[in-house]
Amino acid sequence: MNLNKLIFTNNACYKAGRKITPRGIMVHSTGANNPWLKRYVGPDDGKLGRNQYNNHWNQPMNREVCCHAFIGKLADGSVATYQVLPWDHRGWHAGGSANNTHIGFEICEDGLSDRTYFDKVYREAVELCAYLCRQYGLTEKNIICHSEGHAQGIASNHGDVMHWFPKHGKSMDTFRAAVKAELAASGNTGSGSGTSQLYRVRKSWGDAASQKGAFRVLDNAKRCADGNPGYSVFDESGKVVYTGKTSAPVYTTYTVKRGDSLWAIASRLLGKGTRYTEIKKLNGLTSNIIYAGQVLKIPNK
Ligand SMILES: [Zn+2]
């Protein structure tokens with residue numbers, strides 16, 4: 001894979017700044033006969049070549065479109081991949097809810113009949129998917145094309161890539177099999193058998209069914225845990241390496257007894273009478289009056 005990076009900081013999608021936890025990959029093709037990366041990716045970095053119409057996508061546009069990467073031709077005719085959004089940025093590629101879950105990339109179409117070009121971009125796409133699977137703890141089963149996404153109800157009604165792959169004897173099934181083989185060849189099936197470890201996001205280590213995801217990159221696992229109150233990040237041995245921020249306040253409870261005052265409770269349970277204001281706030285009390293039997297939330301020390 002010839003992976004390059006030119007982030008579309010001037011595209012409105014980048015500026016929208018929303019993040020996702022990638023749970024899948026969506027394969028697209030552009031639907032236009034123009035295999036040159038410079039049509040979409042710019043400005044020229046010396047390898048892309050100059051777009052004479054200056055209509056690349058790294059600028060304000062009249063359409064809300066942006067994927068995470070493009071595969072196509074450099075100025076010298078060789079095939080390359082350009083990452084144009086951070087992988088965990090929410091893209092505008094699916095026209096449906098898959099934007100919230102899927103990394104999307106576009107393969108630049110040519111006239112659809114050149115087998116040599118097809119073989120090169122197909123191979124480049126397989127390697128890109130294997131790379132992303134390793135990074136995000138995904139497998140080939142998490143890869144779909146745009147038309148499959150529509151069939152699943154998570155993408156708009158487009159035919160890519162099934163109007164193209166079959167012309168060269170390929171399908172999304174052959175594509176997934178190729179990604180699986182690529183992952184196996186690199187000693188990493190995305191299921192934890194590789195040398196680099198996976199960080200798993202679960203409620204507890206023993207509760208495997210609660211798993212939200214498995215990640216190569218600890219920061220991605222942490223983000224997932226933060227988005228799911230009560231979840232933590234575990235290493236391969238089951239040790240907690242990160243406890244997610246929970247949105248619910250952490251507190252204990254106390255049942256008021258006859259003769260208690262907020263001051264006395266705070267003194268006894270929190271070690272300082274003046275902290276009774278925290279108890280008031282946590283319980284939404286508008287006065288200092290409490291009654292026997294009342295259950296109060298007590299902030300943690
Ligand atoms: Zn598409």
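For every residue, the table says whether it meets (1) in contact with a Ser or Thr (Cβ under 8 Å, 6 or more places away or on another chain); (2) under 30 Å from THR139 (Cβ atoms); (3) free of Cβ contacts under 8 Å to residues at least 60 places away in the same chain.
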residue	(1), (2), (3)
SER210	yes, yes, yes
GLY227	yes, yes, no
GLU236	no, yes, yes
LYS239	no, yes, yes
LYS257	no, no, yes
GLY273	yes, no, yes
LEU282	no, no, yes
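Conditions tested, residue by residue: (1) surrounded by fewer than 20 Cβ atoms within 10 Å (Cβ to Cβ); (2) within 19 Å of the chain's Cα centre (by Cα); (3) part of a loop (DSSP other than H, G, I, E, B).
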residue: THR9; (1), (2), (3): yes, yes, yes
residue: LYS15; (1), (2), (3): yes, yes, no
residue: GLY31; (1), (2), (3): yes, no, yes
residue: VAL41; (1), (2), (3): no, no, yes
residue: ASP45; (1), (2), (3): yes, no, yes
residue: ARG50; (1), (2), (3): yes, no, yes
Pull up the range 98-145, narrow it to residues that are farther than 17 Å from PRO22 by Cβ, outside any helix (DSSP H, G or I) and hydrophobic (A, V, I, L, M, F, W, C), then point me to the one that is nearest to the ligand (Cβ to nearest atom). ILE107
Search result, residues across the range 77-97 that are more than 15 Å from the ligand (Cβ to nearest atom), surrounded by fewer than 18 Cβ atoms within 10 Å (Cβ to Cβ) and among the small types (Gly, Ala, Ser): GLY77, SER78
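Can you tell me which residues in the range 151-164 are at negative phi and either more than 9 Å from the ligand (Cβ to nearest atom) or hydrophobic (A, V, I, L, M, F, W, C) (or both)? First the steps, then the outcome.
Step one: filter the range 151-164 for residues at negative phi, giving 151-152, 154-164.
ALA151, GLN152, ILE154, ALA155, ASN157, VAL161, MET162, HIS163, TRP164, listed by residue number.
Restricting to the range 121-174, name every residue that is among the basic types (Lys, Arg) and modelled with pLDDT of 95 or more. Give the steps one after another, and end with the answer.
Filtering the range 121-174 for residues among the basic types (Lys, Arg) gives 123, 134, 141, 167, 170.
Result: ARG123, LYS141, LYS167, LYS170.
Being out of contact with any Asp or Glu (no Cβ under 7 Å at 6 or more places or on another chain), closer than 11 Å to TYR251 by Cβ and buried (at least 16 other Cβ atoms within 10 Å of the Cβ): is that true of ILE298 here? Break it down stepwise before answering.
Working: out of contact with any Asp or Glu (no Cβ under 7 Å at 6 or more places or on another chain): yes; closer than 11 Å to TYR251 by Cβ: yes; buried (at least 16 other Cβ atoms within 10 Å of the Cβ): yes.
Yes.
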Unmet requirement for PRO22, which otherwise passes all of (1) away from the ligand (no atom under 16 Å from the Cβ); (2) more than 30 Å from LYS212 (Cα to Cα): (2)
Scanning the range 107-150 for residues that are in contact with a helix residue (DSSP H, G or I) (Cβ under 8 Å, 6 or more places away or on another chain) and β-branched (Val, Ile, Thr), which turns out surrounded by the fewest Cβ atoms within 10 Å (Cβ to Cβ)? THR139
Which of the residues that make up the range 93-116 are over 15 Å from VAL161 (Cα atoms) and in contact with a Leu (Cβ under 8 Å, 6 or more places away or on another chain)? ILE103
Quick one: ASN54 ticks every box in (1) of a type outside the set (A, V, I, L, M, F, W, C); (2) more than 16 Å from the ligand (Cβ to nearest atom); (3) in contact with a helix residue (DSSP H, G or I) (Cβ under 9 Å, 6 or more places away or on another chain) bar one, so which box is it? (3)
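The values are calculated or read from the model by the stated rules, or taken from the named source; none is laboratory data. The shown structure was predicted, so the numbers you read here are calculated from the model rather than taken from an experiment. Please note: Cβ atoms are built from the backbone with ideal geometry, for glycine as well, and neighbour counts cover all protein chains shown.
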